[in-house]
Amino acid sequence: MATPFDAPIPGQSLTAEPGNAPWEKPSKFDEPKDAAKYYIESTADPDIMDDISVLFENGITLKAFVKTMVQSGAMNGLHTVDVGLLVQPVLVKYFKDAMKTYGIDAKEEAMSKEEKSAARQKERINTALKLALADAQSKGKTSKNDPGVQMMEIMQQSEQGAPVEEMAAPAMEQEQPAAPQGAGLMARRA
């Protein structure tokens, strides 16, 4: 466990020789086009791109990946922070197109809370429908002999984006008798 005595002494960073850190030296690339060219050429190798594709396949977003890569480049003295900011949109587009060749639809940004919530809700509905249909099947119910099963199958098709069949109107076995006059909820009792 770290103790307060392990922390740097106030002002300790001012005692180091100026210009030793990579970001304190002149950068290697002054122009955004040169920095973009460097990043594109250094990642264009198929072996490197295969490794990068695994990241996008596992859900990392384009902007997060590019931001991390560009910040690392600025810290290592490849370019300044402002050049890195100018290069980011170009690199996002480059990696998005590159991932399409791998069949990966890389997302630019993470989903918002509302989108995540909607996706989770849709997943819950699909799971509940699958469980209810499996339970109905175990009891011998089908869409032909049970209107509830038919309705759940239509809902499942709708959730999956498949064309939905029209639900057959349930057969009315017998007409309900009419309520006697004056016996409704609003009838006065004397």
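The values are calculated or read from the model by the stated rules, or taken from the named source; none is laboratory data. All figures in this text were calculated on a predicted structure; none of them were measured in a lab. Heads up, the Cβs are rebuilt from the backbone with ideal geometry, glycines too, and the neighbour counts pull from every protein chain shown.
How many residues are at pLDDT below 75 and among the hydrophobic types (A, V, I, L, M, F, W, C) if we restrict to the stretch 144-165? Walk me through how you get there before you give the answer.
Within the stretch 144-165, the subset at pLDDT below 75 is 158-165.
With the extra rule that they be among the hydrophobic types (A, V, I, L, M, F, W, C), the set shrinks to 162, 164.
So the count comes out to 2.
Scan the stretch 88-109 for residues that are part of a helix (DSSP H, G or I) and of a type in the set (Lys, Arg) and jot them down.
Scanning the stretch 88-109 gives Lys93, Lys96, Lys100.
Can you report the number of residues in the stretch 1-27 which are surrounded by 10 or more Cβ atoms within 10 Å (Cβ to Cβ) and of a type in the set (A, V, I, L, M)? Steps first, please.
Step one: list which residues in the stretch 1-27 are surrounded by 10 or more Cβ atoms within 10 Å (Cβ to Cβ), which gives 16, 21-25, 27.
So of that shortlist, the ones also of a type in the set (A, V, I, L, M) come out as 16, 21.
So the count comes out to 2.
Does Ile60 satisfy the condition of being surrounded by 12 or more Cβ atoms within 10 Å (Cβ to Cβ) and either in a loop (DSSP other than H, G, I, E, B) or of a type in the set (Phe, Trp, Tyr) (or both)?
Values: surrounded by 12 or more Cβ atoms within 10 Å (Cβ to Cβ): yes; either in a loop (DSSP other than H, G, I, E, B) or of a type in the set (Phe, Trp, Tyr) (or both): yes.
Yes: the conditions hold for Ile60.
Quick one: Gly73 ticks every box in (1) assigned to a loop (DSSP other than H, G, I, E, B); (2) touching a His at 6+ places or on another chain (Cβ under 7 Å) except a single one, so which number is it?
Only one criterion is unmet by Gly73, namely (1).
Please determine whether any residue of the stretch 94-106 is more than 22 Å from the chain's Cα centre (by Cα), of a type in the set (Ser, Thr, Tyr) and either closer than 28 Å to Ile52 by Cβ or not assigned by TED's automatic domain parsing to the domain that holds Glu41 (or both).
Going through the stretch 94-106, the residues more than 22 Å from the chain's Cα centre (by Cα) turn out to be none.
Taking every residue of the stretch 94-106 in turn, none turns out to be more than 22 Å from the chain's Cα centre (by Cα), of a type in the set (Ser, Thr, Tyr) and either closer than 28 Å to Ile52 by Cβ or not assigned by TED's automatic domain parsing to the domain that holds Glu41 (or both).
Are any residues in the stretch 110-142 outside any helix (DSSP H, G or I) and modelled with pLDDT of 80 or more, and if so, which ones? Can you show your working first?
From the stretch 110-142, those outside any helix (DSSP H, G or I) are 110-112, 139-142; that's our starting set.
Passing the criteria: Lys139, Gly140, Lys141, Thr142.
Any residue in the stretch 85-100 that is within 10 Å of Ile40 (Cα to Cα) and in contact (Cβ under 8 Å) with a residue 60 or more places away in the chain sitting within a Cβ distance under 9 Å of a residue that is in a helix (DSSP H, G or I) and not hydroxyl-bearing (Ser, Thr, Tyr)? List the pairs, counting only those 6 or more apart or interchain.
Qualifying pairs under 9 Å: none.
Among the residues of the stretch 68-109, how many are of a type in the set (A, V, I, L, M, F, W, C), modelled with pLDDT of 90 or more and surrounded by fewer than 16 Cβ atoms within 10 Å (Cβ to Cβ)?
Going through the stretch 68-109, the residues of a type in the set (A, V, I, L, M, F, W, C) turn out to be 69-70, 74-75, 78, 81, 83, 85-87, 90-92, 95, 98-99, 104, 106.
Now restrict to residues that are modelled with pLDDT of 90 or more: 69-70, 74, 78, 81, 83, 85-87, 90-92, 95, 98-99.
This time we only want the ones that are surrounded by fewer than 16 Cβ atoms within 10 Å (Cβ to Cβ), so: 81, 85.
Of the residues in the stretch 68-109, 2 are of a type in the set (A, V, I, L, M, F, W, C), modelled with pLDDT of 90 or more and surrounded by fewer than 16 Cβ atoms within 10 Å (Cβ to Cβ).
Would you please list the contacts, defined by Cβ atoms under 9 Å and residues six or more apart or on different chains, that run from a residue in the stretch 122-137 that is farther than 11 Å from Met152 by Cα to a residue that is surrounded by 12 or more Cβ atoms within 10 Å (Cβ to Cβ)?
Once the first residue is farther than 11 Å from Met152 by Cα and sits in the stretch 122-137, its partners that are surrounded by 12 or more Cβ atoms within 10 Å (Cβ to Cβ) give Lys122/Glu159; Asp135/Lys141; Gln137/Val149.
What do you reckon, is Met186 at pLDDT 60 or above, of a type in the set (A, V, I, L, M) and not in a loop (DSSP other than H, G, I, E, B)?
no
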